1. Given the criterion among the aliphatic types (A, V, I, L, M) and closer than 17 Å to Thr192 by Cβ, identify the matching residue among Ala143, Ala56, Ala60, Ala129.
2. Out of Ala170, Ala194, Ala185, Ala199, which single residue is buried (at least 24 other Cβ atoms within 10 Å of the Cβ) and among the aliphatic types (A, V, I, L, M)?
3. Sort through Ala32, Ala27 and tell me the only one that's buried (at least 17 other Cβ atoms within 10 Å of the Cβ) and assigned to a helix (DSSP H, G or I).
4. List the number of the failed condition for Ile13; all other conditions in (1) touching an Asp or Glu at 6+ places or on another chain (Cβ under 8 Å); (2) in contact (Cβ under 8 Å) with a residue 60 or more places away in the chain hold.
5. Please specify each residue of region 42-67 satisfying the condition of being surrounded by 22 or more Cβ atoms within 10 Å (Cβ to Cβ) and not in a helix (DSSP H, G or I).
6. Taking the stated definitions as given, is Gly35 at pLDDT 95 or above and touching a helix residue (DSSP H, G or I) at 6+ places or on another chain (Cβ under 6 Å)?
7. Return the total of residues in region 168-181 being touching a Leu at 6+ places or on another chain (Cβ under 6 Å) and of a type outside the set (Lys, Arg).
8. Within the set of pairs 6 or more residues apart or between chains, which connect a residue that is within 13 Å of Gly132 (Cβ to Cβ) inside region 84-110 to a residue that is exposed (fewer than 14 other Cβ atoms within 10 Å of the Cβ) and among the polar types (S, T, N, Q) with Cβ atoms less than 8 Å apart?
Amino acid sequence: MHNPSWARGLYAITDAALLPDDPRLLAGCEAALRGGLALLQYRDKSTQADKRLRQARALAALCRDYDVPLIINDDTALAERLRREGHANVGLHLGQGDGALAEARERLGPEAILGATCHGRLALAERAAREGASYVAFGRFFASRTKPEAPPATLDLLGEAEAIGLPRVAIGGIDAETIGAARRAGADLLATVAAVFAAADIEASVRDLNRRLSAC
């Protein structure tokens with residue numbers, strides 16, 4: 001499997017509770033980018049469309065400076081708008097029930113990064129691959145502070161998913177203690193919220209996580 005340059009490393013996901021306003025969001029994300037990210041995902045479940053557009057535009061510009069793709073969580077229209085505005089580094093992640101992958105691929109074009117939540121089910125990943133996904137995300141593998149109610153998955157799934165031929169993302173309880181196990185099980189990308197954005201020193205936490213990945 002030939003993975004693109006963005007498809008191996010740390011994948012940080014923002015959280016509106018941990019980064020509650022524009023200055024903290026941008027400062028926190030820039031600190032994470034300085035530490036070294038493969039991908040950054042903007043996740044905001046509020047109904048404030050103007051806020052999401054403003055913040056996503058700012059993050060897309062920031063990520064461009066660091067040559068890191070920005071992935072929009074569950075908002076195809078927002079990702080499409082940003083790409084039409086010239087933010088070619090913007091992609092999209094869709095959960096189950098958050099829109100059709102095939103439609104999103106058609107709207108965003110063949111070059112956009114398109115990710116899919118597959119929980120603990122290989123069949124969902126196989127379907128996502130057929131519908132145009134760029135990567136498939138599995139989890140949760142460990143106890144999660146962000147989504148404690150998420151259904152569990154087993155690490156064996158990461159190895160089984162290698163045959164799909166897409167980069168595999170591990171999410172759910174990924175931190176300094178668990179990141180090595182997920183990598184060794186086959187994860188290409190290690191996605192986390194709290195281990196990055198709840199840290200007292202975000203940049204240092206990212207660098208530490210990356211060192212642990214490099215040791216695997």
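The values are calculated or read from the model by the stated rules, or taken from the named source; none is laboratory data. Keep in mind that what you see is a predicted model, and the values were worked out from it rather than measured. A quick note on method: Cβ atoms are made from the backbone with ideal geometry, for glycine too, and the neighbour counts reach across all protein chains shown.
1. Just one listed residue meets the conditions, Ala143.
2. Criteria check complete, one pass: Ala170.
3. Working: Ala27 fails: buried (at least 17 other Cβ atoms within 10 Å of the Cβ).
Result: Ala32 is the single residue among Ala32, Ala27 that is buried (at least 17 other Cβ atoms within 10 Å of the Cβ) and assigned to a helix (DSSP H, G or I).
4. (1)
5. Passing the criteria: only Tyr42.
6. For Gly35, the condition - at pLDDT 95 or above and touching a helix residue (DSSP H, G or I) at 6+ places or on another chain (Cβ under 6 Å) - is met.
7. 4
8. Cβ pairs passing all conditions: none.
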